[in-house]
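Please treat every number below as a calculation from the coordinates, not as lab data. Treat the numbers as computed from the prediction; the structure is a model and nothing was measured. Every residue, glycine among them, receives a Cβ derived from its backbone with ideal geometry; neighbour counts consider all protein chains shown.
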Amino acid sequence: MEIVFIKPTRIEDCAKCLPEIKGNKILHINLCAVEYDKAERIMDYISGAIFMQEGQIVNPAENIYCTIPKGTQFSTLATTDEETEIILEK
């Protein structure tokens, strides 16, 4: 399983995510340095792409998101009030 770490800063950066999503890779999306309005638009774009691939998005921490491809099993483990650990299974 491949995990791609991205830190988009503008909506145009989302286009770079599409091949990764189509390739059934897991995206770790860090939006910590992005203003709320931009972050919301970025996640709208990525959510649409994930929906088309029948995948899921999880939110393990504030402003951090992970895309999970269709057919990938995962579970979450709450470690603190602010963060959640994602455990992927083959």
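Just a few scattered comments:
- Radius 15 Å from Cβ of K38, net charge of other residues (Lys, Arg +1; Asp, Glu -1): -3
- A simple count of charges around P8, restricted to other residues whose Cβ falls under 11 Å of its Cβ and scoring Lys, Arg +1 and Asp, Glu -1, yields +3.
- Neighbour net charge for Q53 - beta-carbon separation under 13 angstrom, K R +1, D E -1: +1
- Site pair R10 and S47 shows an inter-label distance of 2.4 nm when each label is modelled 7 Å from Cα along Cα→Cβ.
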